[in-house]
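Asker: Please find one structure pasted underneath; my questions will follow.
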Amino acid sequence: MNTQRRRTDAGHRSLYDHGFVRVAAAVPRLRVTDVVANVADTIDLLHRAADDSVALAVFPELGLVGYTSGDLLHQQVLLDAAVAGLCTIRDASVGLPTVAVVGLPMRQGQQLYNVAAVVHGGRVLGVVPKSYLPNYREFYEKRHFSAARSVRRDEIDVDGTSVPFGADLLFNATDIADFVLSVEICEDLWVPVPPSTWSTLAGATVVANPSASNITIAKADYRRQLCAGQSARTIAAYVYSAAGAGESTTDLAWDGHGLIAENGNIVAEGERFAVDPHLVVADVDLDRLIADRVRTTSFGDCADDHADHRRFRTVSFELGDAGDPGPLRRDVPRFPFVPADPRQRDERCREVFSIQVNGLATRLAATRSDKVVIGVSGGLDSTHALLVAVRCMDQLGRPRSDVLGITMPGFATSARTLRNAHRLMGALGVTAEEVDIRPASQQMLADIGHPAASGEAIYDVAYENVQAGARTSLLFRVANHRGGIVLGTGDLSELALGWCTYGVGDQMSHYGVNSSVPKSLIRHLVRWAAGEPDLVGASEVLLDVLDTAVSPELVPHSELGDESENGDAGRADDVGQRSEDVVGPYELQDFHLYYVLRFGYRPSKVAFLASQAWGDTERGRWPDDIDVRDRRSYTDDEIDRWLRVFLTRFMATSQFKRSAMPDGPKVGSGGALSPRGDWRAPSDGTAALWIAELDG
């Protein structure tokens, strides 16, 4: 199968350059047995698809004659007209980039088959017969057709040309990486083992299903389940087009249901019962499918187990230039870790909290610990970790006072965060203590001969890490003294960017409940918690925490000068040092992280997707109640800049910190960075290849 990148005339910003393929379910208006009219409508929709840069258009089952033709299917005039119509469509496809899958009856020898013909570029690439013929309730297909298993020869004559024939065909586009098509017809999807099970194990990434499914109450829901479920099991895209307006309503009704599913999700759906012909279009991410197949090793094992069960023939073709497809026809959420739908987001938050709480409860039981010790800074991460600890105690039936929250003001602690830390602990009813780390930090600076010890404004890494180390060392000693464990607060985003102090610093703890939760999701967890009945007393301070800039608070606020001289920690009402000034906007870096970690995408594709999501505020999607400050947009230059920062920090400079990270629960399918779980990487790697690909 072809695995080369395709380049289009539209340039590197074309979706076809980045592993996508545009597909369509075509729903024409049908006239029963009026082949000429049906062919004309098919060609019209085919041209519309080509104009829209569609690579694949799937038309309904028996669409050239009408599924409800009944016993007229045994009339030679109708059969001849159907084949002639196919040839007309074949000739009309010359010069078009779109593959058409059209349905008709065809005779081979002394048997009649319900088939789907695959047409492209003036050729009939192959003809696929239906494997499973329904013959129950309103269906009686065995009255007219033979099933694919009765095929005697693997070719069929079309206008004097021998064409591959059988249910064992794969259609491989040689100029689009990983675009491999297979076809099954209507009822084939309804059986326990659909033919697409075998074809996808053999390499098909896109399955076309021309259908004539009639409509009854709730049947549309079942179709959605079938298409989504089969696409999930086979890790494939599924394009389904059902017959609609124009089919005979003698005994049945038709809704023209067009669906496109991708790996378990319905990514596009047409209007049912529409009268006018239309296309249901979506851009399918082939890279995403391949990435999941590669990582899901059981998929490959299953393919090996059944390699001899069904053998497939491959028909290769060159799709040709699809032109400029324009904007990506696909939802690219700005916050891939956060559901946009409020109801789903609440469910996600509730589940994440439950995973974290139960993980912590299990660790407390295993270590026989009496206390949870946590450094409470008044910032976002420690706030969320504190909420988890409180919920854990509630679940265990233990007093919240068993959570020991310690504030540790340093040289750059702001009044706002210190105030919020105290307010939060008071509202939650935990045991609150405060230890000023400045004397210990001042002593350490003097011990190592740091200029800041004598008043010089040298705020380097050593200056910062002396404070970070003092805080963590204190927490561990308190935990030893009180019989507790230190609860880590650092999140997935910080681990990815290496924005944490190694060893005796915030990188280390006894248990890190936030270690697989990205910053963008933590914001929503805290917002969600603010509305929970058992936490409502802390709502006001939680919302204020959300409105505070993320900061390690290790470098004094520039407007205050050297606070180590005046000894007055907590003077500034706002933070001075802002993490995002160094590592980039967290919402954008979380976006980059998701696609690099979850799918291993090329940097150029990550940048392309980021531009689609973040480059235009009208096109990007965000949760309805997202903070106004996150309704921003980024230019391509800004995306490129921060992606380079991400790649350098993630690939080259931060792995040694992740290799020694403490235990913590994995919460999402987006991935985690534990060396014992999702991510095992060398600490001595380089980002050169990734930067070069972005530049190329």
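Asker: Counting only residues that are farther than 14 Å from residue 447 by Cα and of a type in the set (A, V, I, L, M), which one in the range 459-477 is surrounded by the fewest Cβ atoms within 10 Å (Cβ to Cβ)?
Answerer: This residue is 461.
Asker: Could you go through the range 241-252 and let me know if any residue there is among the hydrophobic types (A, V, I, L, M, F, W, C), surrounded by 24 or more Cβ atoms within 10 Å (Cβ to Cβ) and within 22 Å of the chain's Cα centre (by Cα).
Answerer: No, the conditions are met nowhere in the range 241-252.
Asker: Please enumerate the residues belonging to the range 270-326 that are among the acidic types (Asp, Glu), in contact (Cβ under 8 Å) with a residue 40 or more places away in the chain and closer than 29 Å to residue 45 by Cβ.
Answerer: 276, 283, 285, 287, 318, 321, 324, listed by residue number.
Asker: Restricting the search to the range 207-222, which residues are β-branched (Val, Ile, Thr) and either in a loop (DSSP other than H, G, I, E, B) or surrounded by fewer than 19 Cβ atoms within 10 Å (Cβ to Cβ) (or both)?
Answerer: Within the range 207-222, the first condition is being β-branched (Val, Ile, Thr), and the residues that meet it are 207, 215-217.
Hits for the range 207-222 are 215, 216, 217.
Asker: Test residue 616 against the stated conditions and say whether it is at pLDDT below 95 and within 27 Å of residue 17 (Cα to Cα).
Answerer: yes
Asker: Shifting gears a bit: Does residue 240 satisfy being touching a Cys at 6+ places or on another chain (Cβ under 6 Å) and either touching a residue at least 40 places away in the same chain (Cβ under 8 Å) or not in a loop (DSSP other than H, G, I, E, B) (or both)? Full working, then the answer.
Answerer: Numbers: touching a Cys at 6+ places or on another chain (Cβ under 6 Å): yes; either touching a residue at least 40 places away in the same chain (Cβ under 8 Å) or not in a loop (DSSP other than H, G, I, E, B) (or both): yes.
Taking the combined requirement at face value, the residue satisfies it.
Asker: Additional query: For the subset of the range 387-445 comprising residues that are part of a loop (DSSP other than H, G, I, E, B), in contact (Cβ under 8 Å) with a residue 40 or more places away in the chain and of a type in the set (Gly, Ala, Ser), which member is nearest to residue 476 (Cα to Cα)?
Answerer: So the residue we want is 410.
Asker: Follow-up. Please go through the range 503-552 and pick out each residue that is modelled with pLDDT under 95, assigned to a loop (DSSP other than H, G, I, E, B) and within 28 Å of residue 483 (Cβ to Cβ).
Answerer: Within the range 503-552, 503, 504, 505, 506, 507 meet the criteria.
Asker: Select from the range 410-419 the residues that are crowded, with 24+ Cβ neighbours inside 10 Å and not β-branched (Val, Ile, Thr) and list them in ascending order.
Answerer: Hits for the range 410-419 are 410, 411, 412, 414.
Asker: So, one more: Working carefully through the options 116, 55, 82, find the one that is out of contact with any His (no Cβ under 9 Å at 6 or more places or on another chain), over 30 Å from residue 14 (Cβ atoms) and of a type in the set (A, V, I, L, M). Before you say what the answer is, go through the steps one by one.
Answerer: Values: 116 fails: over 30 Å from residue 14 (Cβ atoms); 55 fails: over 30 Å from residue 14 (Cβ atoms).
Result of the check over 116, 55, 82: 82.
Results for (1) charged (D, E, K, R); (2) out of contact with any Leu (no Cβ under 6 Å at 6 or more places or on another chain), shown as yes or no for each residue.
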| residue | (1), (2) |
| --- | --- |
| 381 | yes, yes |
| 384 | no, no |
| 403 | no, yes |
| 432 | no, yes |
| 448 | no, yes |
| 463 | no, yes |
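Asker: Before we move on, is residue 362 surrounded by fewer than 24 Cβ atoms within 10 Å (Cβ to Cβ) and without any contact (Cβ under 8 Å) to a residue 12 or more places away in the chain?
Answerer: Judged against the criteria, residue 362 is a match.
Asker: Also, I was wondering about something else. Out of all the residues in the range 635-665, which are surrounded by fewer than 18 Cβ atoms within 10 Å (Cβ to Cβ) and either outside any helix (DSSP H, G or I) or in contact with a His (Cβ under 6 Å, 6 or more places away or on another chain) (or both)?
Answerer: Listed by number, the residues that qualify are 635, 660, 662, 663.
Asker: Give the residue, chosen from 568, 625, 574, 562, that is at pLDDT 60 or above and either under 16 Å from the mean Cα position of the chain (by Cα) or surrounded by fewer than 20 Cβ atoms within 10 Å (Cβ to Cβ) (or both). Before the answer, list the steps.
Answerer: On the way: 568 fails: at pLDDT 60 or above; 625 fails: at pLDDT 60 or above; 562 fails: at pLDDT 60 or above.
Only one candidate passes the filter, namely 574.
Asker: Looking at the range 332-347 only, could you name the residues that are surrounded by fewer than 21 Cβ atoms within 10 Å (Cβ to Cβ), in a helix (DSSP H, G or I) and touching a residue at least 40 places away in the same chain (Cβ under 8 Å)?
Answerer: Scanning the range 332-347 gives 342, 346.
Asker: Checking residue 655 against (1) farther than 20 Å from residue 519 by Cα; (2) modelled with pLDDT of 95 or more; (3) not acidic (Asp, Glu): exactly one of these is not met. Which one?
Answerer: (1)
Asker: Considering only the range 191-206, state which residues are part of a helix (DSSP H, G or I) and out of contact with any Lys or Arg (no Cβ under 6 Å at 6 or more places or on another chain).
Answerer: Of everything in the range 191-206, those that are part of a helix (DSSP H, G or I) and out of contact with any Lys or Arg (no Cβ under 6 Å at 6 or more places or on another chain) turn out to be 195, 196, 197, 199, 200, 201.
One line per residue, one yes/no per condition, for (1) closer than 18 Å to residue 243 by Cβ; (2) at pLDDT below 95; (3) of a type in the set (Gly, Ala, Ser); (4) in contact with a helix residue (DSSP H, G or I) (Cβ under 8 Å, 6 or more places away or on another chain):
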site	(1), (2), (3), (4)
77	no, no, no, no
127	no, no, no, no
138	yes, yes, no, no
156	no, no, no, no
182	no, no, yes, yes
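The values are calculated or read from the model by the stated rules, or taken from the named source; none is laboratory data. Every value quoted in this text rests on a predicted model; they were computed, and no experiment measured them. Positions of Cβ are backbone-derived with ideal geometry, glycine not excepted, and every protein chain shown enters the neighbour counts.
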